[in-house]
Amino acid sequence: MYNNGEVREVRVAQFAGMCYGVRQAMGQINDLLSDNVPAYYAHKLIHNDLVIRKLEARGLTYLPNASEPVSCGQAYFIGSAHGLGCFSREKYQKMGFSVFSTTCSRVLEFQRTAQDLLRRGYDLVILGDAEHREIEALREYLERIKEVEGLGSSYSVIADPEDALSLTSLSKKVAIVGQTTTVRFKFEQAVHHLQSMSYEIKVVSTLCSSVEKRVEAAKAMAQKVSVMVVVGSLSISRNTKGLYEAILPFCSKVVAVECANDLQPDDFASLHSIGVTAGASVDEETLREVVERLKTI
Ligand code: SF4
């Protein structure tokens, strides 16, 4: 019951919260921390600062702009679930770390596909966030291929589908891939724009099915409730932002929060039916706290 004594219905959409890749990475990191060996990270392991703080409380240490070798004994460097580039791996190995990758298998497949297309002579268009670890890591591999194998083909990273319209000097052989957390309608828009420019495009779907299932379940729920709550960070989590944007057309009210403390009672006054979904980096504890607070707020 909430404050006027009525019963409020709070339903959680299917597939809300941590995806299998992030869940697996968390398990691996927690196992490593149990070894009591110093463990460091430098890039966002996952896009959820609350979860990172919990790992830091267990001993994980942030290593800002590291350049000095580790001075004594064994130490782990843990790579992000979104990827660890070849240059980064070598840098931390040279510094004396035991480098441990937690890269999700779906991201590895995306990286392999993109490298393969570049090697086969395609000018590669990548729809994604150039500053996201997944794309930064991929760029390291693509740069190495161009450097070592001397390939003439190019690659371009575009943040939004509309940016494809500015790619006016691609060769005849063009392929497009999307960062794994890209929502499908945006990927299809980018393909459409390239086709409208008379390019013959090889379209390779590298999008993550976990993201797609979460979006579809949230959209279905959004049509049956008065308000949808999206848990996750809109500013740093690409899949959370995509989830939020995808359900906006399907519900008259969508509220985004990172945790239960962000919930504002006024947003839910007189609303009896609430749907909840959550991005791929949101842990069960945070999701449960949001649901519990929504029942009483
Ligand atoms: S969203 Fe998909 S690709 Fe990204 S970590 Fe999760 S399972 Fe892997």
Scan the helices (runs of 4 or more DSSP H) fully inside region 17-112 and keep the ones with 3 or more residues being more than 30 Å from VAL148 (Cα to Cα).
20-34, 49-57
Can you report the number of residues in region 173-192 which are crowded, with 21+ Cβ neighbours inside 10 Å and more than 16 Å from the ligand (Cβ to nearest atom)?
4
What tally of residues in region 233-274 results from selecting those that are closer than 19 Å to ARG288 by Cα and of a type in the set (S, T, N, Q)?
5
How many residues, within region 96-138, are within 16 Å of the ligand (Cβ to nearest atom), out of contact with any Gly (no Cβ under 9 Å at 6 or more places or on another chain), of a type in the set (D, E, K, R) and touching a residue at least 12 places away in the same chain (Cβ under 8 Å)?
2
Could you look through region 217-250, keep only residues that are charged (D, E, K, R) and under 18 Å from the mean Cα position of the chain (by Cα), and pick out the one that is surrounded by the most Cβ atoms within 10 Å (Cβ to Cβ)?
ARG238
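Read the figures in this text as sums done on the coordinates, not as results from a lab. These numbers were taken from a predicted model, which means no experiment stands behind them. Because the Cβ atoms are built from the backbone with ideal geometry, glycine has one as well, and the counts that use them run over all protein chains shown.
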